[in-house]
1. Under a 5 Å amide H to amide H cut-off, with H placed in plane at 1.01 Å, what residues pair with Asn163 once short-range neighbours are removed?
2. Tell me, what ³J(HN,Hα) does each residue in segment 242-250 have, in order and in whole Hz, if you take phi through Karplus 6.51 cos²θ - 1.76 cosθ + 1.60 with θ = phi - 60° and put x for Gly and Pro?
3. For each pair in Lys175/Lys231; Lys175/Lys229; Lys175/Lys236; Lys118/Lys270; Lys229/Lys270, compute the distance between the two Cα atoms and list the pairs where it is over 25 Å.
4. R0 = 41 Å: FRET efficiency of Lys215 with Ser66, Cβ-based, nearest 0.05?
5. Given R₀ = 45 Å, FRET efficiency for Asn131-Ala224 by Cβ-Cβ distance, to 0.05?
6. Could you give me the ³J(HN,Hα) list for segment 93-103, computed from phi with Karplus coefficients 6.51, -1.76, 1.60 and θ = phi - 60°, whole Hz, x at Gly and Pro?
7. List the residues whose amide H sits under 5 Å from the amide H of Tyr178, counting only those 5 or more places along or on another chain, with H placed 1.01 Å from N in the peptide plane.
Amino acid sequence: MPCCSWVWQYQDERPGKRHTGNVSIGEFLRARRARIQPEDVGLPAGARRRVPGLRREELAQLAGVSVDYYVRLEQGRSPAVSDAVLDAIANVLRLDETERHHLRNLIRPSKTRRRTQKVRPGIQRMLEMMNDVPAFVLGRRMDVLAMNPLAKAIRGFDDRWTNAARQMFLDPAAKDYYPDWPTVAAETVAFLRLDAGRHPDDPELASLVGELSMKSEVFRNLWAQHAVKEKTHGIKRINHPVVGELELHYETLALPGDPDQMLAVYTAEKGSPSAERLRLLGSWEAVIDESSPAPR
């Protein structure tokens, strides 16, 4: 299988259509070219264009490479690309740091050995000791590998939803649960796309993307945009079925020794209504029967 071929195999629904080559690079670059208008980079708009954004030849000229070289790059036929060329193309396309890393991952895919995702016992004990804040470990493909009781109460995970992306798009309650669902859904896909660039030959990720693409039109459209985004910190609003609306700040920290695992922690501003509701939720979680699922 050509590198990254699974990334695009669900996007073309024409019967019998079959692709060859590493077109994920091309689709990413074309999506980024479409964002840049000629006048944004000092070029005349010219005659009516069939597609939005910069043409290949315009990008090649601005980046200082030949058109043929850029075409081969966009088609995935230039395995040896210098950092200088990548930086020049990234500058023209105005890529941010996350997008630049993603482009390098697509051009130079790493050969990683598949291994079972496991949370170290020390991390598990640390989660269990974090009684006052929801905390969980997020692994490859947005799999939730471990969580403390308060995180389970917050996120409503059970045996069906041990994958954050699958819950986001296939759980009917998700749109009510997240008041900002369109934004959260787009961020979820962008982070999953970033994981795809880091691990281009992961069959489990291919299966997940295929499942979500077939079952969710929203996911399919977002995936086709090729947006990438890290999940480092931010604010998430939750409409919890027990305590009502929560506004929580989240921080994600890469775990030493395993860069594919992140510790995510939610906190509420001290003295805020969310802090009080979080405390009430912790009290509720402490008294419910552990054998009963969290209310949906």
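1. Val144
2. 9, 10, x, 6, 10, 10, 10, 8, 10
3. Lys118/Lys270; Lys229/Lys270
4. Taking R0 as 41 Å, the efficiency between Lys215 and Ser66 is 0.40.
5. Efficiency for this residue pair is about 0.60.
6. 7, 6, 6, 7, 5, 5, 5, 5, 5, 5, 4
7. Asn239
Only the coordinates and a few stated rules stand behind these numbers; no lab work does. Just so it is clear, the structure is predicted and the values come from calculations on it, not from any experiment. Reconstructed Cβ throughout: ideal geometry from the backbone, glycine too, with neighbour counts over all protein chains shown.
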